[in-house]
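Accompanying notes for the structure given below.
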Amino acid sequence: MLETVKYLIGSTGPSGFGSKSTADQVTDHCPDLHFITAIITGATSGIGAETAKVLAKRGARLVLPARNLKAAEDTKARIVSEFPKSEIIVMSLDLSSLHSVRKFAFEFESLNLPLNLLINNAGKFSYNHSISEDGIEMSFATNYLGHFLLTKLLLSNMIKTAKTTGVQGRIVNVSSNIHSWFSGDLISYLGLITKNKCEYDGTRAYAMSKLANVFHTKELSYRLQEMNANVMVNCVHPGIVRTRLTRDREGFITDLVFFLASKFLKTIPQAAATTCYVATHPRLVNVTGKYFSDCNEASTSKLGSNSNEAARIWTASENIVNFQGIKDTF
C-alpha cells in the first residue's frame, strides 16, 4: 500500500527521482553527450521516440534502426526540426528476423562508427499466435531473441570503444514488471507455444519475453565482468503507459481498462525517464546487472534473480541464433 501511495504522488527515491520524473529532468545535469554514439531500437514512437529526442537534445549521435523506415525518417525529422544540429542515422532492421539483425550489424560496422550506448527498447505484444521466419514465437523473437543477437554482434565494438575512449559503455534492456507474471520453465513453454501445442496466451508470452530480457541482463553482466570489459548492462521497467504496443487491440474493452488504470499510467516523457536515467546518469558509473523502476534500483521476481536459469537461457539462445538446433533446443 505504501509503495502504491509513493508511486501515485511521485515520491522520489535514493536517486532523487521518482515515478513523476521525466526523461528531460533526469538528463538535465548529465554531461554533454556529443561524444556519445547511441543505437536505440523501437524509436519510431512512444518511449523510444522520447528517448531519442532527449538524447539528441543532449548532443548524442543517434542510430535509429527500424522496420518501418518512413516512420523512422518521420521521427528523425521531428527531432531535427526541434534540434537542428542533431546527427541521426536511420537504418533498416526487423528484430523478428535473425537475418535482418545480422545484416544491420554488418551495415552498422561498415560505417566505422564507435558505439557507446545500446538501448534495446523495441517491443511487441502479439495477441494472436504467430511465428517468426526463423520458427520462433513472435513476441519472444522480437522482444528478446533479436535483441540478444543484436547485442552479441555489437558487443566487440562497444568493448573496443570503451577501451580506446575511456568512456564506459552502457547497454539498457527495456523489460517490464510483467516479467514477474511468468512462472515455470521458460524453454519448455517457448517450445509449446512455438509448436502451437497449447492454447496461446499473449500476456503470458509477453511476460516470458520480458523475463528473458531480465535473464539476458544478469548473464551478460556476469560475462562482461569476467572479461574486465568497461561496459555496463542494466534492465529497466518503464512503467505503465499507453503506447503503440497496444495497436493490435483497440476498442471498448481496451479503452475501459486504460480508463480504470489511468491514475497509474505514466506520460510518455515519464515512461522514458528510467531508460534515460540508466543510460546517462553519472551516478550509475560501474553499476551493472541491476533492475530499475521509477529511476531507482528495484527487485526482479524470484525467478528473475536465478543465476543458473539466466545461464541456461543464454546457452539455449546461443544455440538458436547460431542455427545449431532450433528444434533440439525445445
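The values are calculated or read from the model by the stated rules, or taken from the named source; none is laboratory data. Please read these numbers as outputs of a predicted model, since none were measured by experiment. With ideal geometry, Cβ positions are generated from the backbone for all residues, glycine too; neighbour counts draw on all protein chains shown. The area values use the complete protein model at the heavy-atom level, side chains included, leaving out ligands, DNA and RNA. Shrake-Rupley method; radii C 1.70, N 1.55, O 1.52, S 1.80 Å.
Summary of values
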item: With DNA, RNA and ligands ignored, accessible area of Arg223 (1.4 Å probe; Å², nearest 10); result: 80 Å²
item: Percentage relative contact order, the range 15-97, counting C-alpha pairs under 8 Å, at least six apart; result: 27 percent
item: Base-10 log of normalised Debye intensity for the range 5-87 (one unit scatterer per alpha-carbon) at q = 0.25 Å⁻¹; result: -1.15
item: Where Phe106, Phe140, Phe35 fall by accessible area, highest first, once all protein chains stay in place (1.4 Å); result: Phe106, Phe35, Phe140
item: Other-chain or far-sequence residues with amide H under 5 Å of Ala60's (modelled H); result: Leu33
item: Entries in Lys210/Lys290; Lys53/Lys210; Lys218/Lys302; Lys152/Lys218; Lys76/Lys163 that, when Cα-Cα distance is taken, lie over 18 Å; result: Lys53/Lys210; Lys76/Lys163
item: Relative pair counts by distance (%), Cα atoms of the chain, 20 Å bins; result: 33, 61, 6
item: Solvent-accessible surface (1.4 angstrom probe) belonging to Glu50, in square angstrom, nearest 10; result: 30 Å²
item: For the range 107-116, 3J(HN,Hα) per residue [Karplus equation, 6.51 cos²θ - 1.76 cosθ + 1.60, θ = phi - 60°, Hz, x = Gly/Pro]; result: 5, 5, 4, 5, 7, 6, 9, x, 9, 9
item: Order of exposure, largest accessible area first, which applies to Glu318, Glu73, Glu226 with probe 1.4 Å; result: Glu226, Glu73, Glu318
item: Theoretical ellipticity at 222 nm over the chain - DSSP helices of four or more residues, -39500 (n - 2.57) apiece, nearest 500; result: -13000 deg cm²/dmol
item: In Å², nearest 10: area of Asp74 left accessible to a 1.4 Å probe; result: 60 Å²
item: Sequence of Lys85, Lys160 when ordered by accessible area, the most exposed leading, probe 1.4 angstrom; result: Lys85, Lys160
item: Table column - 3J(HN,Hα) (Hz), the range 84-91, Karplus curve with 6.51, -1.76, 1.60, x for Gly and Pro; result: x, 8, 4, 10, 10, 10, 9, 9
item: Cut-off 11 Å between beta-carbons: net charge of the residues surrounding Leu117, Lys and Arg +1, Asp and Glu -1; result: +2
item: Rounded percent of accessible protein surface that carbon and sulfur make up, the chain, 1.4 Å probe; result: 53 percent
item: Two-site label geometry, Asp28 and Lys85: point separation in nm, points 7 Å out along Cα→Cβ; result: 2.1 nm
item: Antiparallel bridges, percent of DSSP beta bridges restricted to the chain (to nearest 5); result: 15 percent
item: Vicinal HN-Hα couplings computed from phi for the range 275-286 (Karplus, 6.51 cos²θ - 1.76 cosθ + 1.60; Hz; Gly/Pro x); result: 4, 5, 4, 5, 6, 10, 6, x, 4, 9, 4, 6
item: Theoretical gain in end-to-end length, Ser110 to Lys160 [0.36 nm per residue, Cα-Cα removed]; result: 16.5 nm
item: Measure of compaction for the range 26-185 (Cα Rg per 2.2 N^0.38 Å); result: 1.05
item: Relative contact order, percent, the chain [alpha-carbon distance under 8 Å, six or more residues apart]; result: 21 percent
item: Average accessible surface area per residue within the range 173-232, 1.4 Å rolling probe, Å²; result: 42 Å²
item: Full-extension gain in nm, Val285 to Thr267, via 0.36 nm per residue minus C-alpha separation; result: 3.7 nm
item: Square roots of five times the Cα gyration tensor eigenvalues for the range 103-175, Å; result: 28, 13, 8
